[in-house]
Amino acid sequence: MAEGWRDRLRGLAGRFRRGAPSAAAVEARGGAVGASLRGLLDDPSIPADVRTAMASDFRRVEEMLERIEREELHVAVFGRVSAGKSALGNALLGRDAFAMGVLHGTTTEADAVRLDEAAHAGLVLIDTPGINELGGEAREKLAYEVAEVSDLIVFVADGDLTREERDALRTLAATSRPLLLVLNKADRYNDDERDGLLDRLREHTAGLVRREDVLAVAARPAPRVVVDVDAHGHETRVHEALPADVTALKQRLVAIAEREGKALAAIHAGLFAGKLTDQVTAHIATARREVASGVIRQYCIAKSVAVALNPVPVADLLLAGGLDAAMVVQLSRVYGLPLTRAESGRLVAVISTQLAALMGAVWGVQLVASALKGLSGGLSVLVTAAAQGALGWYATVLIGRVAERYLVSGKSWGEHGAKRAVAEVVASLDRDSILREAREEILKRLKR
């Protein structure tokens, strides 16, 4: 099911990363990623309960697909509280689209606005909550989530980096998103101070941010004091607002969007979808394992009690074989790979042969117990029932788990064959605890 989409998406992302693709290649691969995303969303083999449990993740995939179709590049503006993220976004947009305030934590949830002047490049700015808001763990978590599903991150600082900011940058770099580091409020420094600070920022972020992607801006420059002298020589001090200085950043964003925007969007959508398919697969595997465990336990109880109470020699073992085959049929349905009764019988025969070769002594005890029933005319049932029933229980667990492994592998034993698979399952189970549980359950039922 989802594994096919995951492999296809990751393969496309890998090809994107191997150098700069041509415009035609970007169009073709971006279209292929979009088709794969749609295939994942429409995959009928994903159970409804899994879709419900992961609804927010599937909505993200839908949003990413829409982004690819609209040819958008989402840019997350990230950083410390009051570093000027919202002001920077507004300066880039040329209007007050993002809320600003004097209090920490003005931005409490992610906002997205298209950069109109760069509409042809598909740039969309996303303002995020600050990373260091006191008591704002949920906001910080939201900021990281937004960064993870964005295509490009602009990290805003207003001075030399704190340890917290350096840690945040390393975390964001691990998402494989391109990073731009912006020194905001650069108007507070003279030219030498600003250049020296930019050099320190480049040094601190070496290996995380390219040197050319460390830029200085002034989103809201401090007003300039102008002295106005009237005709009578009276002086009046006037605070004159200065325009924002974000031209270098805007040009850099547009250049990135025009050169590799479609590729970035397709790569990150593909990687997120690959991560989602892993989670979907894990959810389905867990759910199936729980159902399979219930099926195996039901047959353990049925088989062990039937074997324990059957007074006819060897007939109990034949009955056990029939129950094992029925159990494997049920397990095959759980894993969506239905087997016929004949196929399940052959599978049980293969497993039993390998178990007998590996655990001949255990099977010998079971045969002796069965023979004792015949010699005593069934009178020894009470003596041998619990022991033989427990062995039947244990055998059922082994057969069920080995069959489950065969089904999980797509009706395959893998490269090492059935013998290795059976040995590994036997080694992974605690026989003593299984036998102890089986005896307790059987005695409880016999007493009833």
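The values are calculated or read from the model by the stated rules, or taken from the named source; none is laboratory data. Keep in mind that this is a model prediction, so the values were computed, not measured. Positions of Cβ are backbone-derived with ideal geometry, glycine not excepted, and every protein chain shown enters the neighbour counts. Ligands, DNA and RNA are excluded from the accessible area calculation, which covers all protein heavy atoms including side chains. Shrake-Rupley method; radii C 1.70, N 1.55, O 1.52, S 1.80 Å.
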Straight-line reach from LYS303: which lysines fall under 23 Å, measuring Cα to Cα and dropping same-chain residues less than 8 apart? LYS373, LYS444, LYS447
Give a residue-ordered list of calculated ³J(HN,Hα) values for the stretch 203-210 (Karplus: 6.51 cos²θ - 1.76 cosθ + 1.60, θ = phi - 60°; whole Hz; x for Gly, Pro). 5, 5, 10, 4, x, 10, 10, 5
Sequence-distant or interchain residues sharing an amide H contact under 5 Å with PHE155, placed H: which? PHE78, LEU180, LEU181, VAL182
Which is farthest toward the positive dipole end of the stretch 191-342 among GLN298, THR205, GLN251, measuring Cα position about the Cα centre, with Cβ charges +1 (Lys, Arg) and -1 (Asp, Glu)? GLN298
Tell me the accessible surface of VAL225 in square angstrom (1.4 angstrom probe, heavy atoms of protein chains only), to the nearest ten. 70 Å²
Set of aspartates and glutamates near LYS141 by C-alpha distance (under 20 Å), chain-local residues within fewer than 8 positions excluded: ASP57, GLU63, GLU109, ASP111, ASP127, GLU133, ASP151, GLU164, GLU165, ASP167
Ranked highest first by average number of other Cβ atoms within 10 Å, how do 36-43, 416-423 line up? 36-43, 416-423
Per-residue HN-Hα couplings for the stretch 265-273 [Karplus 6.51, -1.76, 1.60; θ = phi - 60°; Hz; x = Gly/Pro]: 4, 5, 4, 6, 5, x, 5, 5, 5
Amide hydrogen neighbours beyond the local backbone of ALA216, cut-off 5 Å, H modeled: LEU183
